[in-house]
2 protein chains.
Amino acid sequence: MKALVQGVLQGERRALARLLTQIENRREGSDDALAALFPHTGRAHLIGVTGAPGAGKSTLVTALAKALRGRGQSVAILCVDPTSPFTGGAILGDRIRMADLAGDSGVFIRSMATRGSLGGVASATRDAARVLDAAGFDIVLIETVGAGQSEVEIARIAQTVIVVEAPGMGDDVQAIKAGILEIADLLVVNKADNPGVDNTVRALKMMLELGHPVNGQMRHHGHLMTVDFPDAPNEDFWMPRLVKTTAINGQGIDDLLLAVDAHQAWLRDRDRFPQFESAQIRNELLERVRDSLFARWLAEHNAEEIEAVSRRVQARTIAPHDAVANLVVAPKAQSV
Amino acid sequence: MKALVQGVLQGERRALARLLTQIENRREGSDDALAALFPHTGRAHLIGVTGAPGAGKSTLVTALAKALRGRGQSVAILCVDPTSPFTGGAILGDRIRMADLAGDSGVFIRSMATRGSLGGVASATRDAARVLDAAGFDIVLIETVGAGQSEVEIARIAQTVIVVEAPGMGDDVQAIKAGILEIADLLVVNKADNPGVDNTVRALKMMLELGHPVNGQMRHHGHLMTVDFPDAPNEDFWMPRLVKTTAINGQGIDDLLLAVDAHQAWLRDRDRFPQFESAQIRNELLERVRDSLFARWLAEHNAEEIEAVSRRVQARTIAPHDAVANLVVAPKAQSV
């Protein structure tokens with residue numbers, strides 16, 4: 001592991017790929033490796049790209065990566081699919097589509113099959129993003145399917161969140177949009193050459209305007225709010241920008257890049273990066289505390305004890321809430 | 001609360017609606033109310049209905065509810081939308097579509113806006129389903145958008161899981177299907193009057209056959225596997241059934257009902273209900289233990305302490321993993 005960590009810090013691609021695998025599988029020494037890399041993190045700009053299936057996320061990510069490379073920035077792409085238990089399938093498809101980035105040593109592409117991953121999707125993604133950050137990439141693009149919790153998790157990790165939509169999605173999809181809009185810093189309407197693009201843009205603009213706190217219709221839960229800035233005055237909200245793209249032929253990608261830069265400059269001008277990171281670290285510590293307490297409890301209790309209580313609950317002689325009060329007794333000072 | 005509990009047990013609709021609201025908002029006395037209702041649970045058949053947006057889930061649920069009512073069973077419908085922070089929107093749409101069930105005292109419809117709900121979507125849904133079970137409904141239909149984790153959570157709660165698909169969905173959707181197929185007991189291809197239905201049916205059949213353990217291509221992670229039956233022989237797997245429906249005009253609903261009955265009979269014949277419930281209760285107890293340990297830790301630690309450690313992590317003087325080891329010390333026997 002030590003050699004791999006050294007390799008990663010020296011920019012060796014093979015060491016990077018191998019260390020990511022070790023950490024993904026929670027091999028022994030993972031925590032030490034992450035700790036050794038940790039002082040080298042905090043420099044990359046993390047950009048999350050999410051959206052409903054079929055919106056063309058991976059084509060967009062590929063185009064964005066090319067554009068970033070064009071101005072000399074190194075790019076790591078992390079494809080996270082929390083809905084798929086397979087390492088093949090969609091992820092394989094992404095890889096094929098991204099083949100035209102291959103051969104460029106300034107790009108690194110990594111797919112993660114995170115369904116059922118130990119410790120959850122969020123922490124696995126965070127760990128991998130940290131390794132890529134420590135490896136010295138300027139930009140880490142984190143691509144994920146906008147499904148349920150995953151887009152909220154990505155918002156916790158990435159400094160800039162891009163939500164991708166496409167024209168011609170049904171009524172039901174509007175509902176998903178409502179949820180996903182909350183975390184968007186930039187909103188991309190991709191496949192802008194498709195019919196219905198104007199309707200989609202109009203609908204999204206209306207939702208964005210309703211969502212903006214200045215208009216007061218409802219509280220804006222935008223990206224920065226999710227990490228808690230209770231003192232931020234209303235006029236100091238980032239108003240999510242909308243960009244039209246046709247990623248497949250590169251149209252609109254320059255505009256998207258400008259919007260990314262604008263968001264980054266906005267964050268920097270207000271010194272928001274340290275605030276963002278501080279909230280992020282606090283959340284991470286609390287999550288780890290919770291996991292660690294539970295792990296210790298599990299080590300202290302045997303399966304028979306848990307089974308016995310389960311059986312009483314199943315017989316309806318005790319309610320779950322009360323059963324837990326018995327299982328989690330006050331600190332067992334007497335047993336020390 | 002006591003009066004509400006009594007009302008629920010006597011089948012009063014207003015008491016039921018009010019108690020659900022109290023419990024959803026975690027009002028004082030919620031745990032006691034749930035404990036009082038708990039001995040009356042375990043009788044309803046819980047059916048989960050999930051699938052990608054646009055597949056026509058709520059139309060199908062409405063049609064299924066009508067069919068169940070037609071043979072005299074009482075039905076509660078729980079609409080869970082973990083992607084929407086709004087109580088309006090899609091949920092309002094569902095209510096309108098379900099208007100033709102209104103006025104029938106044997107049906108009760110409830111929408112939950114669970115995003116950001118305390119204790120998570122899964123436990124909020126479980127609590128609500130228990131109240132409906134205790135209220136004496138024969139069938140509880142739990143409808144949710146098949147997005148990320150929510151379909152896995154529904155599988156933990158419902159005894160029968162129906163996954164709804166529609167023809168003509170894109171490549172990306174295939175990937176979601178792969179994940180969602182794992183939990184399907186019954187697979188519905190709705191909108192069967194749309195073009196492309198035969199292709200969809202063929203593709204799904206192929207996936208089901210590949211997924212079946214007898215064919216050995218990959219391990220079947222079907223519904224029953226998720227609750228762990230390590231000893232179940234291969235030939236004793238429920239092979240998910242595929243049903244074509246056009247819910248909007250009622251076509252195929254009778255077939256779906258037969259398939260639901262077949263699955264229920266299959267479970268009953270093998271005495272699987274108690275096994276399912278036992279695994280479910282064990283999981284619930286462990287989740288509650290974890291939450292309870294964390295709540296106690298939070299009560300014992302003040303914000304300044306957590307802030308101080310966060311700052312050291314942000315300064316990169318300590319890695320998150322090591323910081324947590326400091327925060328979660330061994331049982332503090334000395335402080336008693």
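The values are calculated or read from the model by the stated rules, or taken from the named source; none is laboratory data. Since we're looking at a predicted model, the values are computed, not measured. Don't worry about glycine lacking a Cβ; one is built from the backbone with ideal geometry, like all the others, and counts go over all protein chains shown. Please note that ligands, DNA and RNA were not included when accessible areas were found on the heavy atoms of the full protein model with its side chains. Shrake-Rupley method; radii C 1.70, N 1.55, O 1.52, S 1.80 Å.
Relative to the other identical copies, A:ASP31 shows label-point distances of 3.0 nm, where the label point lies 7 Å from Cα along the Cβ direction and values run shortest first.
Comparing each chain alone with all protein chains together (probe 1.4 Å, DNA, RNA and ligands left out), the residues of the range B:306-320 losing at least 20 Å² of accessible area are B:ILE306, B:GLU307, B:SER310, B:VAL313, B:GLN314, B:ARG316, B:ALA319, B:PRO320.
Between amide H atoms placed 1.01 Å from N, distances below 5 Å from B:SER74 occur with B:ASP138, B:ILE139, all of them 5 or more places distant or on a separate chain. Buried area at the B:A interface is about 6200 square angstrom, summed over both chains, from accessible surfaces computed with a 1.4 angstrom probe. Note that the range A:191-207 has calculated 3J(HN,Hα) couplings of 6, 5, 8, 7, x, x, 4, 5, 4, 4, 4, 4, 4, 5, 4, 4, 5 Hz, one per residue in order, obtained from phi through the Karplus relation 6.51 cos²θ - 1.76 cosθ + 1.60 (θ = phi - 60°); glycine and proline are x.
A point 7 Å from Cα along Cα→Cβ stands in for A:SER105, and the other copies hold the same point at 8.0 nm, listed in rising order.
Couplings for the range A:56-72, taken from phi via the Karplus curve 6.51 cos²θ - 1.76 cosθ + 1.60 with θ = phi - 60°, read x, 4, 6, 4, 5, 4, 4, 5, 5, 4, 4, 5, 5, 4, x, 9, x Hz in order; Gly and Pro are left as x. Applying 1/(1 + (r/R0)^6) with R0 = 22 Å to the Cβ-Cβ distance of B:ALA315 and A:ASN283 gives a FRET efficiency near 0.80. With a Förster radius of 25 Å applied to the beta-carbon distance between A:ARG27 and A:ALA303, the computed FRET efficiency rounds to 0.45. Stokes-Einstein, applied to the Kirkwood radius of the range A:254-336 over Cα pairs at a viscosity of 1.306 mPa s and 10 °C, places its translational diffusion at 91 µm² s⁻¹. Residues in the range B:274-279 carry Karplus couplings, in order, of x, 5, 4, 5, 5, 5 Hz; the curve used is 6.51 cos²θ - 1.76 cosθ + 1.60 with θ = phi - 60°, and Gly or Pro positions show x. For B:GLY54, the amide hydrogen comes within under 5 Å of the amide hydrogens of A:ASP172, counting only partners 5 or more places away or on other chains and with H modelled in the peptide plane. Computed about the Cα centre, the dipole magnitude for the range B:1-72 is approximately 380 debye when only Lys and Arg (+1) and Asp and Glu (-1) carry charge, each at its Cβ.
Averaging the inverse of every distinct alpha carbon separation and then flipping it gives the Kirkwood radius. What is it for the range B:29-71, in angstrom units? So the Kirkwood estimate lands at 13.2 Å. Between A:ALA308, A:ILE318, A:LEU285, the Cα set farthest toward the positive side of the dipole of the range A:267-336 (charges on each charged residue's Cβ, about the Cα centre) is that of A:ILE318.
Modelled this way, with points 7 Å down the Cα-to-C-beta line, the labels at B:ASN326 and B:ASP269 are 6.2 nm from one another. Inter-copy label distances at A:GLU305, using a point 7 Å along Cα-to-Cβ, come to 2.3 nm with the shortest given first. Between the amide H of A:GLU143 and those of A:VAL49, A:LEU78, A:CYS79, A:VAL80, distances stay under 5 Å, these residues lying 5 or more places away or on another chain, with hydrogens modeled in the peptide plane.
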